[in-house]
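S.K.: Pasting in a structure now, in C-alpha cells, and then I'll have a few things to ask.
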Amino acid sequence: MQTMTLAAEPQHVRAAPSHPDPYPYYGRLARERPFFRDETNGWWVAASAAAVTAVLTSELCLTRPSSEPVPEALRDGAAAELFGRLVRLRDDEARGRLKAAVTAALRSIDLGQVADLTRRRAAELDSELGPTLDAASTTRFMFALPVQVVAQLLGLPHTRFGDAMGWLGDYGAAAAAAGTGIPTPTPELVTRGHRGAQALFDLVRAIKDDDTARGPLLGALVREARLAGCDDEKDVVANAIGYMIQGYAAMASLIGSTLLALARRPALRAEVDADRTLLRPLVQEVVRCDPVTNSTFRFMARDGEIAGHRLRQGEMIIVLLAAANRDPALNPEPDRFDIARTDRKYLEFGAGSHVCPADRFAVLVVEIAVDHLLTRGVPLERLESSLSYAASGHVRTPLFKA
Ligand code: HEM
C-alpha cells in the first residue's frame, strides 16, 4: 500500500474517496473523532463503527432531506422521476413494501445461475473487447461485465447493452452531481441525465410488458411487487432500473480494487494463482480494507439525539462506512490486510432499513470477473502506473488508463 504523510491527508471527507490513500485519515477519524461536526463545511460526520451503525439504524435519519426529496438541480424530468422512485432514496411508507419486493426478487435468483451467466458473458466480452488485455480494456471489462449480467437477468437483449450503459452513465453522473455537487451539475449534464433516464424507462417498461422478453429478475420483481401490494407500475420499472444503477459503478470499482490488492502483493498473487478458492476471502478483505462505497449520507427528519449529540432537523450526516471498517472495535488490527481473518466485519453494504440486498450477488460476480481476468493475463504490473480515481465525493472507483 502507498503511504502518505499526515500533511497530505484529504482536506475533508468528501475529498477522501478519490485520494490515493485515504486510510490513515479514515482510521484516525474512526479512533479519535467518532462523531463530529465539520464546522467549515456544515455537515456532521459519523466515523466509528458504533456511530455509523447508530445513524444507519436511526428512524430520525432519512436518505433525503424532507424539504427536498429530489435534488433541486434535477428539477422536473425523467431523471427526477427515477431518482424519486428508487427505494434507495426514499423513506415514505410505501417504500417498505417495495424494498421487500426488491429484496425478495433478487434473493429468488439462483446464485449458481448467476455464476454461469457471468462466466458466459465474460467469455463473450473477450471477443468483443479484442485479444489483448491492456489497462484500458481492463477498465472497459470491469464496467461492462457486472452491469450486463444484471441487464441480462432483467431481459435486456445484448444489442441494447451498449445503449443501456451509456444511459446509466448519463443518469448516474447527473444524479451524483445534483445530489453532491461533484462534479458540478451543469445544464448539459442534467439534460443528458433526463434523456438517459427516459430511455431506460422506455426500454425496461417495454420488456416488462412483453412475456417473451422479461428476464427472471424482472419477472420476479413484478411478481413480488404484486404480492407485496405495490401496484404502481412506475415504481416497479424504476426499481428494476435501480438494480443496474446500484450495481454498475460499485461492482466495477470492487473488481478494480481487488486487482490492485493483488498487484500490490506479489506473494498473495502467487497464492491466489495456485488456489483460486482464495479469491472469495480476498474479495471480502478488499470490501473491508479498500471499499467502494466510502460513504453515504443521511438527513435529520427532526431535531433529535444521535450518538450522544443533539442535531437539528435537516442537518446532513456523512456516514463513513470506509472509516468504520478500520475501527479496532469492529476488527482487531484493522489496518492489517489479511485474507485469513476469521471474524471479518464490515459495514460496506450498509445497515438498517436501507441495507444492500445484493451483498452475496455482488461479491460472487466480482470474484468471477477477477478469476476471468487473471486467467486472461490481466497486466497487474501495469495497473498502478495507469491508476487514477474517478471524481466522486462518496464512491472510490479506480480507473486504469493506457
Ligand atoms: C460491490 C457492490 C455493491 C456495494 C458496495 C453496495 C453497497 C450498498 C450500500 C452501502 C447500500 C446502502 C446505502 C445507504 O444506506 O445509504 C446499498 C443499497 C442498495 N443496493 Fe447495493 N451495493 C453493491 C451492489 C449492488 C448490486 C449489484 C445491486 C443490485 C443488483 C444492489 C442493489 C442495492 C439496492 C436496491 C439498494 C437500496 C436499498 C435500500 O435503500 O433499501 N447493490 N448498496
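Bear in mind these aren't lab numbers, they're just calculated from the coordinates by the rules spelled out. Predicted, not measured: the structure shown is a model, and the values here were computed from it. Glycine also receives a Cβ, built like all others from the backbone with ideal geometry; neighbour counts cover every protein chain displayed.
S.K.: Report, in deg cm²/dmol and to the nearest 500, the calculated mean residue ellipticity at 222 nm for the chain, where each DSSP H run with n ≥ 4 adds -39500 (n - 2.57) and the sum is divided by the residue count.
M.R.: -16500 deg cm²/dmol
S.K.: Report the gain in length on full extension from K345 to E32: 0.36 nm times residue separation, minus Cα-Cα distance, nm rounded to one decimal.
M.R.: Full extension of this stretch gives 110.7 nm more.
S.K.: Hey, another quick one. Calculate the length of the line joining the C-alpha centroid of region 8-78 to that of region 226-295, in whole Å.
M.R.: Answer, in whole Å: 21.
S.K.: Scale the Cα Rg of the chain by the rule-of-thumb value 2.2 N^0.38 Å and send over the ratio, two decimals.
M.R.: 0.95
S.K.: Sum up the lysine pairs in the chain that clear both bars: alpha-carbon distance under 29 Å and a spacing of 8 or more or different chains.
M.R.: 4
S.K.: For region 197-242, what are the per-bin percents of Cα-Cα distances with bins 10 Å wide, up to the bin holding the maximum?
M.R.: In order of increasing distance, the bins hold 29, 61, 10 percent.
S.K.: Then there's this: Could you tell me which of rounded, prolate or oblate describes region 28-119, using a ≥ b ≥ c as the square roots of the eigenvalues of the alpha-carbon gyration tensor, with rounded for a/c under 1.5 and, failing that, prolate when a/b is larger than b/c and oblate otherwise?
M.R.: Judged from the Cα gyration tensor, region 28-119 comes out oblate (a/c at least 1.5, b/c at or above a/b).
S.K.: Cβ neighbours within 10 Å, averaged per peptide: list 45-54, 359-368 in order, most packed at the top.
M.R.: 45-54, 359-368
S.K.: Another question, then. If you count the DSSP beta bridges with both ends in the chain, what percent of them are antiparallel, to the nearest 5?
M.R.: DSSP beta bridges in the chain are roughly 85 percent antiparallel.
S.K.: Taking the simple approach of a point 7 Å from Cα along Cα-to-Cβ for both N41 and D338, what is their distance in nm?
M.R.: Those two pseudo-labels are separated by 3.2 nm.
S.K.: For T186 and A115, what is the calculated FRET efficiency with R₀ set at 51 Å and r taken between the beta-carbons, to the nearest 0.05?
M.R.: After rounding to 0.05, the efficiency reads 0.80.
S.K.: Gain in length, A301 to R276, computed as 0.36 nm per residue apart minus the alpha-carbon separation, to one decimal in nm?
M.R.: 4.3 nm
S.K.: Residues in region 276-314, backbone N under 18 Å from the label point at S67 (7 Å along the Cα-to-beta-carbon vector): list them, ranges by number please.
M.R.: Correct set: 298-304, 311-314.
S.K.: Please check: in the Gaussian network model of the chain (C-alpha springs, under 10 Å), which one of T138, T258, T191 has the largest mean-square fluctuation.
M.R.: T191
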